[in-house]
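One structure below.
The values are calculated or read from the model by the stated rules, or taken from the named source; none is laboratory data. Small disclaimer: the values here were computed from a predicted structure and weren't measured. Quick reminder, even Gly has a Cβ in these numbers, built from the backbone with ideal geometry, and neighbours come from all protein chains shown.
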Amino acid sequence: MKHIFKKGKDDKLPTLLLLHGTGGDERDLLPLAGMIAPEASVLSVKGNVDENGMARFFARLREGVFDEEDLIFRTKELTGFIDECAREYEFDRQNVVAIGYSNGANIAASMMYHEKHALKGAILFHAMVPRRGVKIPDLTDVPVFIGAGKSDPLIPMAETQELIKDLTSANSNISEYWTEGAHELRREEVEAACEWFKKHFSQG
Ligand code: MLT
């Protein structure tokens, strides 16, 4: 998969896995990594699916309706790609924290819904429920930050609450931050995510 890897100064910090939104690319979230953990290694990946010229991490049937078969296939593909990168770039595969926005947050959530050790934690900005009716693995010690907009036209508040409920039932420690905004990523939620990251991964 097309990607950028940047080795960080601090090997003990998690490697940040950056996953862009629909129509983005592997450069989009680099500034976020710089704000959240400037010393951490970064693996930023571009989605393999082309939707009318827009890169995505999995196909959808229409806005907000996922192609489940493709989502499962792409989730495995991305997880396997991270395994390969960990070998090639020699970072700790067990210590990867995803930062995803929108479609990128959805595939990060899907990784956690499917595999226990896929991620060590995640920052999900404007994510949806990736799948319903599946047994989510135990996510004790996999904390998740969720940033959402109260007026997001793509993601009703009830959907974010369902995602929070799913992850909480799987024993993930959830921190939620709600803006008054819509689907756009706001600085205030990024700042809240910075605090969350410090609390869970940079101290002690
Ligand atoms: C998705 O398809 O993943 C969501 O609708 C969000 C997006 O449009 O990227």
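For segment 1-52, name all the residues that are small (G, A, S) and either farther than 19 Å from I107 by Cα or modelled with pLDDT under 95 (or both). It would help to see each step written out before you state the result.
Here is the first cut: in segment 1-52, the residues small (G, A, S) are 8, 21, 23-24, 33-34, 37, 40-41, 44, 47.
Those that are small (G, A, S) and either farther than 19 Å from I107 by Cα or modelled with pLDDT under 95 (or both): G8, G34, A37, A40, S41.
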Restricting attention to segment 114-125, and to residues there that are buried (at least 23 other Cβ atoms within 10 Å of the Cβ) and either free of Cβ contacts under 8 Å to residues at least 60 places away in the same chain or among the charged types (D, E, K, R) (or both), which single residue is nearest to the ligand (Cβ to nearest atom)?
L124
Given (1) more than 27 Å from A55 (Cβ to Cβ); (2) modelled with pLDDT of 95 or more; (3) surrounded by fewer than 16 Cβ atoms within 10 Å (Cβ to Cβ), index of the condition P153 fails:
(1)
Need pairs with beta-carbon distance below 6 Å; first residue on the phi > 0 side of the Ramachandran plot and within segment 66-83, second among the acidic types (D, E) and assigned to a helix (DSSP H, G or I); sequence gap 6+ or separate chains.
none
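Could we say that D25 is in a loop (DSSP other than H, G, I, E, B) and touching a residue at least 60 places away in the same chain (Cβ under 8 Å) here? Quick ask: steps written out before the conclusion?
Values: in a loop (DSSP other than H, G, I, E, B): yes; touching a residue at least 60 places away in the same chain (Cβ under 8 Å): no.
No; evaluated as a whole, the condition is false for this residue.
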Is it fair to say R62 is surrounded by fewer than 21 Cβ atoms within 10 Å (Cβ to Cβ), of a type in the set (K, R) and within 15 Å of the ligand (Cβ to nearest atom)?
yes
Could you check segment 139-155 and list, in sequence order, the residues that are within 16 Å of the ligand (Cβ to nearest atom), touching a helix residue (DSSP H, G or I) at 6+ places or on another chain (Cβ under 8 Å) and hydrophobic (A, V, I, L, M, F, W, C)?
I146, A148
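Report whether or not I136 is at pLDDT 95 or above, in contact with a Phe, Trp or Tyr (Cβ under 8 Å, 6 or more places away or on another chain), away from the ligand (no atom under 14 Å from the Cβ) and in a loop (DSSP other than H, G, I, E, B). Let's see the steps before the verdict.
Values: at pLDDT 95 or above: yes; in contact with a Phe, Trp or Tyr (Cβ under 8 Å, 6 or more places away or on another chain): yes; away from the ligand (no atom under 14 Å from the Cβ): yes; in a loop (DSSP other than H, G, I, E, B): yes.
Criteria met by I136.
Could you please find all residues in segment 170-187 being more than 17 Å from S102 (Cβ to Cβ) and assigned to a strand (DSSP E or B)? Step through it out loud before you land on a result.
Initial filter on segment 170-187 (more than 17 Å from S102 (Cβ to Cβ)): 170-175, 180.
Passing the criteria: I174, S175.
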